[in-house]
1. If you check E88 against the conditions, is it surrounded by fewer than 16 Cβ atoms within 10 Å (Cβ to Cβ) and outside any loop (DSSP other than H, G, I, E, B)?
2. What pairs can you find where one residue is in region 169-183 and at pLDDT 95 or above, the other is assigned to a loop (DSSP other than H, G, I, E, B), and their Cβ atoms are less than 6 Å apart, with a gap of 6+ or different chains?
3. Just to be sure, is G95 out of contact with any Cys (no Cβ under 8 Å at 6 or more places or on another chain), under 27 Å from G49 (Cα atoms) and without any contact (Cβ under 8 Å) to a residue 24 or more places away in the chain?
4. Can you name the residue in region 119-158 that is of a type in the set (D, E) and part of a helix (DSSP H, G or I) and is also surrounded by the most Cβ atoms within 10 Å (Cβ to Cβ) among such residues?
5. Within region 74-85, which residues are in contact (Cβ under 8 Å) with a residue 24 or more places away in the chain and not aliphatic (A, V, I, L, M)?
6. Within region 71-97, work out how many residues are charged (D, E, K, R) and either touching a Pro at 6+ places or on another chain (Cβ under 6 Å) or under 22 Å from V176 (Cα atoms) (or both).
Amino acid sequence: MGLNYTDGCVNFRDVGEYLELIMGDSSFPVGRLYRGGSIDYVKNPEEIGLPNSVISLRGSLDYEEFDIDYYHFPMDNKIEKYHTDKKEVRRWLNGIIRLFEKPTLQYPVLVHCLSGKDRTGIVIAALLLICGIDREAITEEYLLSEGEVDEVLIANAMDGLADLGAYFHKVDLKLVKDNLLGMNS
């Protein structure tokens, strides 16, 4: 049985809320970062946590119905996103992470792709690694997604990000972390 894309936003969740359940502490704020799949069938922004910004990783543009900030970072489906060591994936991820440096980025932020598990999973994993979240907790949060998810794939993706400073060498990682955690609000 496949995912139902016509019923709201598949795999939608508040990353901070689920990390709190997984880790038993509040290492990452609730209500700051959401993830999910297609928002084409979302009728009310309350269904997706009332985000102020949406980062779409889909190839096609979202149907923009809500009065919020939209950012589009498409990635060709021919490119294997879990191979974070590939030049195309590195360039794509750096562009997305660089957005989190900006003081103008409005929170909460929803990161989404079609299913909310692969491209979204990699971006969320990168953001959580930057925030110092344990790899086991990141993996467990990723595995909550419906559809085909694979612990080995996300582990390989995180392995490719092992040296965050080198991988994101043109990004101010401290600023990204502080912005995500709400330290600059």
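1. So E88 passes the test.
2. Here the result reads D172/E101; L175/E101; V176/F100; V176/E101; K177/C131; D178/N184; N179/F100; L180/C131, each pair linking region 169-183 to a residue that is assigned to a loop (DSSP other than H, G, I, E, B).
3. Taking the combined requirement at face value, the residue satisfies it.
4. Going through the qualifying residues, I end up with E141.
5. Those that are in contact (Cβ under 8 Å) with a residue 24 or more places away in the chain and not aliphatic (A, V, I, L, M): K81, Y82, H83, T84, D85.
6. Residues in region 71-97 being charged (D, E, K, R) and either touching a Pro at 6+ places or on another chain (Cβ under 6 Å) or under 22 Å from V176 (Cα atoms) (or both): 6 in total.
The values are calculated or read from the model by the stated rules, or taken from the named source; none is laboratory data. If you're wondering where the values come from, they're calculated on a predicted model, not measured in any experiment. Note that we place each Cβ from the backbone using ideal geometry, even for glycine, and neighbour counts take in every protein chain shown.
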